[in-house]
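For reference, the structure discussed in these notes is given below.
Each value in this text was obtained by applying a stated rule to the coordinates, not by laboratory testing. Every value quoted in this text rests on a predicted model; they were computed, and no experiment measured them. Methodologically, a virtual Cβ is constructed for each residue, glycine included, from the backbone with ideal geometry; neighbour enumeration extends over all protein chains shown.
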Amino acid sequence: MLGGTTTNEVVDFLELLLLSDGFLPTFYQSEYNRYYEDATFDAEKINDFKPDVAVILTHVINLMHAPAAGASEEDLVRNVGAEIDRYRAIWDSLHNCVGCQIVQNNFENPPLALLGSLDAWSPGGQTRFVYDLNSAFAREAAGRPYLLIHDINSIAARFGLDAWIDWDRWYSYKILTTLEASYALANSLAAMVGAMRGRVKKCLVLDLDNTLWGGVIGDDGLDHIQIGTETALSEAYSAFQSYCLKLRERGILLAVCSKNEDATARSGFDHPDSRLKIEHFSAFKANWDVKSDNIREIAKELNIGLDSLVFVDDNPAERAIVQAQLPMVAVPDVGADVVQYPAILSAGRYFETVSFSKEDLTRAEAYAANKARNEVQAQFNNFGQYLDSLDMTAEIALFKPIFLDRITQLINKTNQFNLTTRRYTAGEIDQIAVDAAYVPLYGRLIDRFGDNGLISVIIGRIEDDALWIDLWIMSCRVLKREMEFAMLDALVDHARRKGARKLVGFYAPTDKNMMVADHYANMGFRSKSDGTESDQSTWSLDLADYTNKNVHIRIS
């Protein structure tokens, strides 16, 4: 944590939040306002600490090149350039000397608008300077995979600057923010760290009556539930449905868990003003069973962990039961006022992401296609014939720049088919992609139901006459399609080209990856473990007599 202010308070909050999320963090902090010096002149000291993440926490008061009131447009461009050059030096030094993920915040608006409304658009306005600088930071991050922008401008705007800055604390302790604002900074950073390390929520599970519409569909009937624009309440329910639909469009799955008759529950989405329709839900459970049991079934049906779910219900008793029975499920205390639901979910940062890919946009459709595949499977007695009927084609190749964001995202959110559960930052993946000592492969799979996208990654490392498998992951969406055989064939081919005579793989068991406990044995590897390791087994595959195993997937 390299700060332009005193950072102890934010670090204390961040430590507690990360501990509560299952992490055990250790911290290195710069001295007060020595963020530039530590990053550019003492980077070796930071490298000795071997950080996973370097956070540059600066504020508007740390800016050094703000323009004068009478500045021209040309002056403003020069001032923004001079300011960003300072930060480029920080980022380049940390990237070259340390190689970790860098989190750089943008800037809150100036607490005083010295030019009034003119401050926001005049080239000499401090607010205009912050606008342009924040835009420049966004462009820099787009070209630097190892750099993430922490959007404190938006957090401060939601707080209001009067509630964000505490001048008494600044003059007394060099802490700029209020206690509440320091917590908000830490909470946002904790969500980013969780997203980097695979703690992501994938599905929003929704109650129906008085949650997605006002009233009880079974009692009031379709004509009398509150939805649409006729009243303030019905408009609020429509707004919440629109919010849920936008989450789906960015890759969050939607599911229903309601105490209702199935047909009656489904009829609610026939309302002409309903923004959500039945086809928007990847799982639908409407019955009289205990909701915690239905939520378990939803996770099983979608093949995701229970800790990937967020459950929203207006009924406090139902929330309490689910929270008690399934503590790994996120159950926000949304209350009973639908007007507040979007803000409460947003403030909880349940769906934080540090990257966005094409696969995110099509995730819900991919789950629908998977359901169709499962229905087709029931028509075949022979599993091999079923696989052939899918008409599968795979693209397997070395990492390409266009896919690096998706590769990083997949690595850091895949927990079940993950042999080592290692996590990598965008910067590390960027370096591995161009390092000749590595064999980094991705796999994309297409079948007659659609494009599954990039769904598998292997990172191999050449050492002497062996290729060591540091990472092997695959999306659970394509389980039992034998994509793992196609990936192994490609890995063997690349290993032989590098002069390797054997593959060496590791399995590190966790609570979530037991499904791949026999993976290497099923692939033909032999165990090398001597019984002394309690948490990891080692496996080896001799390449001398290896023959390809894939028979059902065409390789493009």
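A few points about this structure:
- Subtracting the Cα-Cα distance of Q325 and D337 from 0.36 nm times their residue separation leaves 1.9 nm of extension gain.
- Helical runs (DSSP H, four residues minimum) scored at -39500 (n - 2.57) apiece and divided by the length of the chain put the mean residue ellipticity at 222 nm at -12000 deg cm²/dmol.
- Projecting label points 7 angstrom from Cα along Cα→Cβ for H65 and L222 puts them 6.3 nm apart.
- Nearby lysines by direct alpha-carbon distance to K246 (threshold 19 angstrom, same-chain neighbours under 8 apart not counted): K201, K202, K277, K358
- Under 18 Å from the Cα of K549 - aspartates and glutamates, other chains or at least 8 residues apart: D388, D391, E395, E482, E484, D489, D493, D518
- Restricting the calculation to Cα atoms, every distinct pair contributes to the Kirkwood radius of the stretch 483-556, found to be 13.5 Å.
- The chymotrypsin sites (Phe, Trp or Tyr not before Pro) of the stretch 99-149 meeting both criteria, a DSSP state outside H, G, I, E and B (loop) and at most 11 other C-beta atoms within 10 angstrom of the site's C-beta, are W121.
- For the peptides 334-343, 189-198, 246-255, residues were scored by their other Cβ atoms within 10 Å and the scores averaged per peptide; the highest-first order is 189-198, 246-255, 334-343.
- Contact order normalised by residue count of the chain, Cα under 8 Å, 6+ apart, percent: 10 percent
- Cα→Cβ-extended label distance, 7 Å offset, between V376 and L115, nm: 6.2 nm
- Applying the criteria of a DSSP loop state and at most 14 other Cβ atoms within 10 Å to the trypsin sites (Lys or Arg not before Pro) of the stretch 429-464 yields R448.
- Cα gyration tensor, the chain - rounded (a/c under 1.5), prolate or oblate: oblate
- Averaging 1/r across all pairs of distinct Cα atoms in the stretch 1-55 and inverting the result yields a Kirkwood radius of 11.8 Å.
- Contour excess over end-to-end distance, with Cα ends at D92 and R139 and 0.36 nm allotted per residue: 15.4 nm
- Based on C-alpha pairs under 8 angstrom that are at least 6 apart in sequence, the stretch 203-348 has a relative contact order of 25 percent.
- Cα principal axis extents for the stretch 370-555, largest first, Å: 47, 37, 34
- Global geometry of the stretch 220-289, whether rounded, prolate or oblate, following the gyration tensor of its Cα atoms and the 1.5 cut on a/c: oblate
- 20 °C / 1.002 mPa s Stokes-Einstein diffusion coefficient of the stretch 203-348, Kirkwood radius on C-alpha pairs, µm²/s: 142 µm²/s
- Listed pairs K50/K413; K413/K528; K300/K502; K45/K400; K300/K413 exceeding 27 Å between Cα atoms: K413/K528; K300/K502; K45/K400
- Once both labels are positioned 7 Å from their Cα atoms along Cα-to-Cβ, the gap between D262 and A436 label points is 6.1 nm.
- Dipole of the chain, positive end: most advanced residue of Y237, H95, L479 [Cβ charges, Cα centre]: L479
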